[in-house]
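The values are calculated or read from the model by the stated rules, or taken from the named source; none is laboratory data. Since the structure is predicted, the reported quantities are computational estimates derived from the model, not experimental observations. Note that each Cβ is placed from the backbone with ideal geometry, even for glycine, and that neighbours are counted across all protein chains shown.
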Amino acid sequence: MRWSEALGREVVDTSTAEAVGRVDALVVDPEASTITGLVIGDQIVSWSDTGGIGSDAVTISGAEPLRTPQTGPEEGAVNGRTRLLAKPILTEDGYALGELTDIEFDPVTGSVEQLVVDGDHIAGSRLMGAGSFAVVVSSAARVSSAGDLDALTKAERYELAKDRDVDGRSNMSKEQLRDALA
Amino acid sequence: MTGLLRASALIGQPIVTLDGESPLEVKDVVFDTASGELLGFALRKKGFFGGPVPDYLPWKAVHGLGPDAVMISEESVLSGDASGDLDGGGNVIGNRVLTESGTDLGGVVEVVIATGGQADVVGFEIEPVASGHDAGGHNVFIPMPDTLAISGEKIIVPDSATDFVRDDLSGFGSAVAEFRSALSGKDT
């Protein structure tokens, strides 16, 4: 599921069958690459108190599912300081990869699967930090030395192919670049 | 990914923590004028408000240096103390580049550094000595050895450095590597 689709979805409390509001934002734990909560107005619902993001509504349950923000990321998400969409994505070695246009996540577990950037994808596992200035991801060097070529954008694969002087790299697709580098 | 950058291109670059916060930006790049090594960055605040801020980032505290940002692990690595780094005086810019046999190759207009993990000063952009009425001469890039002599006025390079001069930054990286491997081959 995409982050942009989840925003605005109705939130229903299953114990009262009442709508308590709409999803205004999501809270991300960058180190765990996981969505940990929802923002409804100025309040938070922990992901564990939701039934995930349903196709028509988000159901929540529990004695007092709505609570005040407690952690830094929760406060940032409520006051909009760490609004992630449209933030620049920087690698830990100082390369800009583009602007974050959307986030793909598992609607049941909240696991961040992909960061969408200018028509390409960055593996969610590369997420390191998300602040008021930028979203930070692990470097292409770290990812490639771990052998996880699937996690690289096409532009990063191309740069790696250039470093290794791979023949015919200019005409290769994203998948062909991965196979040539493997 | 590695690449080459003019040091002046780093001025104004954001200092970004791995948490994605950016409190400061680069005001100046600080070199050791005795060895030509990159020591760190003088910093300035973004915008106009707020109190005093840490004004120095030593190179050893840099997590990653790229063309778009200087990355640090967290704000606490910034210090207000340049521990003498800023007292060196003088500047590499404007130094004359002389070969060991005494030919003046030109004046330094830019320091070229390699990015990607380690920052290393790899060479200089120099404005060649005007020859006769040829005023249309353009700047060239000359690699520097791992160690070299700098006096604050002059930089001495081996005569063989002139064989690895390039007209632009693309291709200069391999010229530096070839020059350095040629030098180390001669020394052993």
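Quick one: which strands (runs of 3 or more DSSP E) sit completely within the stretch B:41-124 and have at least 1 residues that are crowded, with 17+ Cβ neighbours inside 10 Å, modelled with pLDDT of 85 or more and not aliphatic (A, V, I, L, M)?
B:56-58, B:62-65, B:104-115
For A:Val166, only one of the following conditions fails: (1) farther than 30 Å from A:Ser46 by Cα; (2) within 14 Å of chain B (Cβ to nearest Cβ); (3) part of a loop (DSSP other than H, G, I, E, B). What is its number?
With respect to (1) farther than 30 Å from A:Ser46 by Cα; (2) within 14 Å of chain B (Cβ to nearest Cβ); (3) part of a loop (DSSP other than H, G, I, E, B), A:Val166 is out only on (2).
Return the residues of the stretch A:64-105 that are more than 15 Å from A:Ala130 (Cβ to Cβ), more than 11 Å from every other protein chain (Cβ to nearest Cβ), among the charged types (D, E, K, R) and over 10 Å from the mean Cα position of the chain (by Cα); say none if nothing qualifies.
A:Glu64, A:Arg67
Looking at A:Val112 and the list (1) β-branched (Val, Ile, Thr); (2) part of a strand (DSSP E or B); (3) within 26 Å of B:Gln13 (Cα to Cα), which single condition is not satisfied?
(3)
Look through the stretch A:108-124, keep the residues that are in contact (Cβ under 8 Å) with a residue 60 or more places away in the chain and either buried (at least 18 other Cβ atoms within 10 Å of the Cβ) or in contact with a helix residue (DSSP H, G or I) (Cβ under 6 Å, 6 or more places away or on another chain) (or both), and return whichever of them is farthest from the other protein chains (Cβ to nearest Cβ).
It comes out as A:Gly110.
Just a yes or no: is a residue in the stretch A:24-40 free of Cβ contacts under 8 Å to residues at least 40 places away in the same chain, crowded, with 18+ Cβ neighbours inside 10 Å and within 30 Å of A:Glu156 (Cβ to Cβ)?
Scanning the stretch A:24-40, I find no residue that is free of Cβ contacts under 8 Å to residues at least 40 places away in the same chain, crowded, with 18+ Cβ neighbours inside 10 Å and within 30 Å of A:Glu156 (Cβ to Cβ), so the answer is no.
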